[in-house]
């Protein structure tokens with residue numbers, strides 16, 4: 001069974017691992033009703049609409 005000749009440094013290990021640990025950027029779409037940014041295929045939190053109809057009632061403070 002082969003054994004490594006030298007110790008792998010923390011820098012090399014962390015640099016290799018960092019390629020997979022990065023945070024992915026979320027997609028965002030503009031709401032067609034109010035223009036606020038929202039996640040695709042989700043209800044708009046500012047106006048409460050989804051696919052052109054009111055789904056969630058919005059409470060006014």
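The values are calculated or read from the model by the stated rules, or taken from the named source; none is laboratory data. Note that this is a predicted model, so its numbers are computed, not measured. Backbone-built Cβ (ideal geometry, glycine too); neighbour counts: all protein chains shown.
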Can you name the residue in the stretch 12-46 that is at pLDDT below 90 and not in a helix (DSSP H, G or I) and, of all such residues, is surrounded by the most Cβ atoms within 10 Å (Cβ to Cβ)?
33
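May I ask you to list the residues in the stretch 47-61 that are on the phi > 0 side of the Ramachandran plot and either in contact with a strand residue (DSSP E or B) (Cβ under 7 Å, 6 or more places away or on another chain) or at pLDDT below 90 (or both)?
Correct list: 48, 52.
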Search result, residues across the stretch 34-61 that are more than 23 Å from the chain's Cα centre (by Cα) and free of Cβ contacts under 8 Å to residues at least 12 places away in the same chain:
53, 54, 57, 59, 60, 61
Show the residue pairs that are 6+ apart or on different chains and have beta-carbon atoms under 6 Å apart, the first residue being within the stretch 1-20 and without any contact (Cβ under 8 Å) to a residue 60 or more places away in the chain and at negative phi, the second being loosely packed, with under 10 Cβ neighbours inside 10 Å and not in a helix (DSSP H, G or I).
none
